[in-house]
């Protein structure tokens with residue numbers, strides 16, 4: 001079974017410190033590149049619903065492959081994971097070509 005790398009979305013504050021967003025998750029491939037993101041809307045007509053976006057095309061290239069709303073976090077994750085092309089999450093870093101880990 002494929003390991004899914006869902007992590008809370010991090011950000012940099014104006015003072016330079018790092019923070020972690022609540023109700024905001026990013027799915028990354030094994031090299032750390034973002035494949036999808038989900039977050040919960042807090043206000044407006046979609047308050048309480050989860051917005052999802054897939055950041056990878058069916059051929060594995062960076063692209064906005066789709067976005068929408070889901071009723072639950074689990075549903076949003078499921079939609080994103082289903083849209084990720086097979087083998088994309090497992091694609092390696094530059095190490096697959098003989099480079100050093102984390103160096104592109």
Inspect the range 62-70 for any residue being touching a strand residue (DSSP E or B) at 6+ places or on another chain (Cβ under 8 Å), closer than 15 Å to residue 9 by Cβ, in a strand (DSSP E or B) and at pLDDT 90 or above and give the result as yes or no. no
Test result for residue 77, surrounded by 13 or more Cβ atoms within 10 Å (Cβ to Cβ), in a strand (DSSP E or B) and either modelled with pLDDT of 85 or more or touching a helix residue (DSSP H, G or I) at 6+ places or on another chain (Cβ under 8 Å) (or both): no
Restricting attention to the range 4-26, which residues are within 18 Å of residue 84 (Cα to Cα) and free of Cβ contacts under 8 Å to residues at least 60 places away in the same chain? 7, 25, 26
Would you point out which residue out of 65, 36, 70 is touching a residue at least 40 places away in the same chain (Cβ under 8 Å) and surrounded by 16 or more Cβ atoms within 10 Å (Cβ to Cβ)? 36
Does at least one position in the range 6-27 carry a residue that is surrounded by 16 or more Cβ atoms within 10 Å (Cβ to Cβ) and more than 19 Å from residue 72 (Cα to Cα)? no
Since residue 58 meets every condition but one in (1) at pLDDT 95 or above; (2) within 20 Å of residue 85 (Cα to Cα); (3) over 14 Å from the mean Cα position of the chain (by Cα), which condition does it not meet? (1)
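The values are calculated or read from the model by the stated rules, or taken from the named source; none is laboratory data. All of these numbers come straight from a predicted model, not from anything done at the bench. Note that we place each Cβ from the backbone using ideal geometry, even for glycine, and neighbour counts take in every protein chain shown.
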